[in-house]
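This report concerns only the one structure given below.
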Amino acid sequence: MALLKMKFSQQRRVRLAQGLWLLSWLAVTCGAFIFCLGVYIKIELLRRDEVMENTEIHVVPNLLMMVGLASIGANWVASRVCQDSLDPSRFPRWNVILLVWFAVATLLCCLLLAVVVLSYALQGRLEESLKVGLRNGIRFYKDTDVPGRCFQKETIDRLQMEFRCCGNNNFKDWFEVQWVSNRYLDFTSQEVKDRIRSNVDGRYLLDGVPFSCCNPVSPRPCLQYQLTDSRAHYNYEYQSEELNLYSRGCRQALTDYYMGLMNSTGPGVLSVILIQVSVILSMRYLQTAVEGAMALEAPEGESEGYILEKGVKETYADIREKVNNLLKFGQVDPASEDAGAEEGEKAAEAMEKAATPPPAS
Amino acid sequence: MAVLKVKFTKTRRDKLAQILWILNWISVVTGVILFSLGLFLKVELKKREELMAEKDIQYVPNMLIAVGLIACVINFLGGKICYDCVDTTNFLRWKLIMLPYIVCTFFFTLCVLVGALMCYSMHWELEEALNLGLTQAMRFYKDTDMPGRCFLKHTVDMLQIQFQCCGNSGYKDWFQIQWISNRYLDMSKKEVVDRLRSNVEGKFLMDGVPFSCCNINSPRPCIQQQITNNSAHFNYEHQTEDQNLWMKGCREALLEYYTHLLQSIGLTVLITWLFELSVLTGVRYLQTSLENMLRQGDPNSESDGWLLENSLMETARTNLSIIKSLGKGNQIDTADNGDPNIDVPSTSKAHYGPDNVPPKQKTETN
């Protein structure tokens, strides 16, 4: 009982081949689109490489790029098959390639689905990576004279201004870190000495933030230092002031940005999956219809196209048997030889039993 | 003596018509490009209109937009004409329109050239507008509570951050204006009162700058206050420190940006002008060669094409006299300045005799 059988006249076969050729070129452009999407996401992730601790999230753009390239190749092959499909002399050579093609195309669809799932699933890992990366960035903010870390200050400043955020979770992260380098601290000053002594690790901590945390929307010139002291500034209330600095943390800002980027590509990837699936199904129909037509005496006549020759269960049983046979064919199994010998003996016995008349009747 | 005469066989005429058809369609595309460049310039100028004083600089993008649209229309028409010129019968349809079309296109190319030159001349007006505009904007930086000016602080801050500049000519411009609103000044403090009194106009001036002037590339946390006081900060020398704040003035930064933009646009318009000129020349040759072919009567014959039938001087003279006679057609008479009350001697053929003849007296007696 064939699965989803459809009748195809010669004209319908021709139309199917033409339609599939167009569809496969559309799928080629979709593959190129997927590749470019992967490149774009990768570039965006690499730009903020310095505040990310690990590169686990890069699996998403890497997969996209791979799938994009493979999809371009596979769909180009599909278009070549379509061109040859109506020529009975050239079509048979594609038989083996088509088997491989179906496997590859299905694998590509599964990979694309996996990418969509991964882009949601890896959000937690991304946040972790950003948390550690930003913590390091803030810690090494002052080390503009240490090679390898000298650009941290510029990176963090640019990041905070571009994403309108301050610190890791919020601006208070800057209170726990010494972000003013010792080179610029006057150790003869009493105030500096007091501050350093008041701290267990001997760090110069202050309730101030760098200028890049300042919010330009604030109606008042930016207050950066002595933030917790409401009396240090006129008409200033530390608890109720919310426009002076950026209130969002950079980890949240970056996570939102990247999740937004990957979610907005979701519908595009899903529609590419749909197109690829329709290419696979149409190719299967074309293959079976053309093979059916070639087997007929009148090649111009009607033939049948189907997805599977038998029902799903039967096809599965068939495939399992075939795989078992393949495996058995390769085996040099003494057990099976013995079994064969045993079987042979049993057969001989049975024959003897049949030959010898039953005892005692 | 024709100007730049060229012989055209039938095949050459046809080829010329076909090539001109394609070139006209390419010109339509360049017209669209001109239009979008004008639109882009208009948008860019509008984006920063808060920082520019009320000078009339919008005429440049408006001119480009108009020229772009007219280019599309003219070249579309030109494409149709050239398409029909391959066939002699179709050419007769356009014969009367072609000369006016060529004259119009010639004046249009002049407009394109003027548009290109305007792009380069806008520089000085723009500098004036920016100078005044930035001074105003910095003066109203503190007025975040006044409707109509409350966004100037945000605008100036974003400008200084984005263009990496500080103040009008340099960061010292901020020392001369009060950029902290009185709302945030504690008038009971002695220091504040001293500063206000030390100034003739009672302004709170300080040697400090807003945070948006801070240079990201500085290795040291930004020094915004007491910039000129070396002893206020450790290991700091005001004269030699050039990485702490942005050194460039915002007027210079914006001018650089717009000049670069205008130069690119001007170059594109010049290239478009040259292209239009070549298309015009081709159409002129096509028109003259087709007309000469018609004059000779044989569609397959060779004909001459030229730019001008006579030399430049003679053509100018004939055109001027045509224009003069056109003008004369509406005139009454220049001798008596056109006053209808003055007696004008009749020039008609009918002669009714001399004027001063007394009426005949009746000598008959009854």
Restricting to the range B:79-95, count the residues that are within 15 Å of residue B:288 (Cβ to Cβ) and open to solvent by 40 Å² or more (accessible area, probe 1.4 Å).
1
Qualifying residues in the range B:207-235 (those that are among the aliphatic types (A, V, I, L, M) and more than 7 Å from chain A (Cβ to nearest Cβ)) - the one surrounded by the fewest Cβ atoms within 10 Å (Cβ to Cβ):
B:232
Kindly indicate which of A:63, A:26, A:37 is part of a helix (DSSP H, G or I), in contact (Cβ under 8 Å) with a residue 24 or more places away in the chain and open to solvent by 60 Å² or more (accessible area, probe 1.4 Å).
A:26
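If you check residue B:224 against the conditions, is it at pLDDT 90 or above and under 41 Å from the mean Cα position of the chain (by Cα)? Before you say what the answer is, go through the steps one by one.
Details: at pLDDT 90 or above: yes; under 41 Å from the mean Cα position of the chain (by Cα): no.
So residue B:224 does not fit the description; no.
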Of residues in the range B:127-170 being open to solvent by 30 Å² or more (accessible area, probe 1.4 Å), more than 14 Å from chain A (Cβ to nearest Cβ) and not basic (Lys, Arg), the one nearest to residue A:218 (Cα to Cα):
B:148
Inside the range A:79-131, the number of residues satisfying the requirement of being open to solvent by less than 50 Å² (accessible area, probe 1.4 Å) and touching a Lys or Arg at 6+ places or on another chain (Cβ under 6 Å) is 2
Looking only at the range B:101-119, decide whether some residue is of a type outside the set (Ser, Thr, Tyr) and closer than 30 Å to residue B:156 by Cα.
yes
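For every residue, the table says whether it meets (1) part of a helix (DSSP H, G or I); (2) open to solvent by less than 20 Å² (accessible area, probe 1.4 Å); (3) not assigned by the TED database to the domain that holds residue B:209.
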site	(1), (2), (3)
B:237	no, no, no
B:259	yes, no, yes
B:262	yes, yes, yes
B:267	yes, no, yes
B:293	yes, yes, yes
Of the listed residues (A:210, A:267), the one being at pLDDT 90 or above and either within 14 Å of chain B (Cβ to nearest Cβ) or touching a strand residue (DSSP E or B) at 6+ places or on another chain (Cβ under 6 Å) (or both) is A:210
Do the conditions hold for residue A:231, that is, is it part of a loop (DSSP other than H, G, I, E, B) and either within 14 Å of chain B (Cβ to nearest Cβ) or not aromatic (Phe, Trp, Tyr) (or both)?
yes
Scan the range B:131-152 and give yes if some residue there is in contact with a strand residue (DSSP E or B) (Cβ under 6 Å, 6 or more places away or on another chain) and part of a loop (DSSP other than H, G, I, E, B), otherwise no.
no
Under 30 Å from residue B:41 (Cα atoms) and either touching a Cys at 6+ places or on another chain (Cβ under 6 Å) or not acidic (Asp, Glu) (or both): does that describe residue B:91?
no
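Yes or no, residue by residue, for (1) part of a loop (DSSP other than H, G, I, E, B); (2) within 13 Å of chain B (Cβ to nearest Cβ); (3) at pLDDT below 90:
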{"residue": "A:137", "(1), (2), (3)": "no, no, no"}
{"residue": "A:142", "(1), (2), (3)": "yes, yes, no"}
{"residue": "A:172", "(1), (2), (3)": "no, no, no"}
{"residue": "A:188", "(1), (2), (3)": "yes, yes, no"}
{"residue": "A:194", "(1), (2), (3)": "no, no, no"}
{"residue": "A:200", "(1), (2), (3)": "yes, no, yes"}
{"residue": "A:223", "(1), (2), (3)": "yes, yes, no"}
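The values are calculated or read from the model by the stated rules, or taken from the named source; none is laboratory data. Source: prediction; values computed, not measured. FYI the Cβ positions are ideal-geometry reconstructions off the backbone, even for glycines, and counts take in every protein chain you see. SASA here: full protein model, heavy atoms, side chains in, ligands and nucleic acids out. Shrake-Rupley method; radii C 1.70, N 1.55, O 1.52, S 1.80 Å.
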